[in-house]
Amino acid sequence: MYRAYIKTAFFALLFTVFSGTVNAQEDHGHDNHTTEADGGRVNSKEEINAYIKHHLKDAHDFHLFSYTNDAGERKHVGFPLPVIVWTSEGLRTFMSSEFHHDDDGKVLVQKDGVTLTKLHSKIYELDNGATTVAFDEEHHPTNAHKVLDFSITKSVFGILVTGLILLLLFGGLAKQYKKKNIPTGFGRVLEPLVIYVRDEIARPNIGEKKYRRFMPYLLTVFFFIWILNLLGLTPIGFNVTGQIAVTACLAIFTAIIYLFSGTKEFWGHTLWMPGVPVILRPILAVIELVGYVLIKPFSLLVRLFANITAGHFVVMSLIALMITLKESFGPVGSTGLSLVLALFIMVIELLVAFLQASFLQC
């Protein structure tokens with residue numbers, strides 16, 4: 001059994017590298033966390049909507065929280081992340097904190113003869129003499145071009161953290177099974193979840209003879225998604241499974257594995273379905289192939305992305321009620337109503353986080 005856990009740790013590393021690289025190139029959100037008015041505070045419905053949209057998208061830096069100091073200045077606490085881009089002059093690396101506003105308010109970085117700017121969290125390489133991106137009528141940049149972005153964004157950072165957690169947890173669990181076949185410590189918490197994946201997901205859907213072959217992958221997917229979903233419910237600001245690039249990577253991995261693992265009977269039933277008229281078999285073969293190759297992976301990636309994104313949006317909207325309803329119910333009443341509703345939805349989100357980890361494998 002310990003070999004399955006070692007393979008699970010390997011899959012965790014593979015997921016971390018692959019989905020992290022793809023997600024780094026995704027279209028990200030706005031640069032600012034809030035509007036600059038009122039010191040960055042969120043007070044109006046428009047600012048709340050902008051803040052929620054920003055939270056749901058990715059970013060090149062990590063914003064933890066904000067506060068107002070004794071001098072009345074608004075301070076933002078967070079840390080920068082590495083920016084890794086391939087430009088026309090080759091590879092450029094630096095920290096995202098180097099993106100700063102110049103005297104004219106433009107966000108620029110001069111790096112080894114290359115001028116880079118960040119607009120809505122997309123990084124552009126500017127032409128010589130340009131200080132900002134200009135667009136034509138079709139919104140195509142005329143004096144700049146996008147770079148190949150391999151940056152460690154906020155979501156990639158979350159993937160790396162989750163991958164490290166999986167490597168540590170299952171590496172330790174594998175050692176325990178190898179030595180004494182009885183888990184101890186936190187391994188006792190993992191064992192019931194492993195048994196759940198084996199008895200409720202693998203055996204009923206794959207069969208008694210072949211389920212062991214797929215256990216490492218199923219365990220990796222389950223715990224990878226589950227931990228990321230739980231991290232997304234914390235105030236840290238992760239929304240990794242709400243990034244469609246990540247769910248697409250997971251769906252692609254799943255599609256490749258079940259297509260290349262198909263038996264002779266599976267492909268025979270798919271490409272030349274028995275028990276139906278011969279004239280209908282080519283039509284059914286096309287329908288089956290489209291279903292396996294496109295429709296099923298697409299439904300898997302959209303289901304996880306949509307559920308997690310919607311859940312985050314609802315939770316943050318309910319929390320924002322303490323601002324929007326303050327005039328109607330007062331500070332205490334609006335805060336109490338907001339917290340009660342948000343707590344109720346958070347409980348449901350905990351259930352959804354577990355169910356989505358299970359359903360993406362089915």
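Sort out for me the helices (runs of 4 or more DSSP H) sitting completely within segment 160-257 that have 3 or more residues that are over 22 Å from the mean Cα position of the chain (by Cα) and more than 29 Å from Val290 (Cβ to Cβ).
187-196
When Gly207 is evaluated against the numbered criteria (1) modelled with pLDDT of 80 or more; (2) surrounded by 14 or more Cβ atoms within 10 Å (Cβ to Cβ); (3) over 20 Å from Ala357 (Cβ atoms), which criterion, by number, is the only one it fails?
Of the numbered conditions (1) modelled with pLDDT of 80 or more; (2) surrounded by 14 or more Cβ atoms within 10 Å (Cβ to Cβ); (3) over 20 Å from Ala357 (Cβ atoms), the odd one out for Gly207 is (2).
Answer yes or no as to whether Leu230 is closer than 30 Å to Asn49 by Cβ, in contact with a Ser or Thr (Cβ under 7 Å, 6 or more places away or on another chain) and modelled with pLDDT of 80 or more.
Numbers: closer than 30 Å to Asn49 by Cβ: yes; in contact with a Ser or Thr (Cβ under 7 Å, 6 or more places away or on another chain): no; modelled with pLDDT of 80 or more: yes.
For Leu230, the condition - closer than 30 Å to Asn49 by Cβ, in contact with a Ser or Thr (Cβ under 7 Å, 6 or more places away or on another chain) and modelled with pLDDT of 80 or more - is not met.
The values are calculated or read from the model by the stated rules, or taken from the named source; none is laboratory data. All values derive from a computational prediction rather than experimental measurement. Cβ atoms come from the backbone with ideal geometry, glycine included; neighbour counts cover every protein chain shown.
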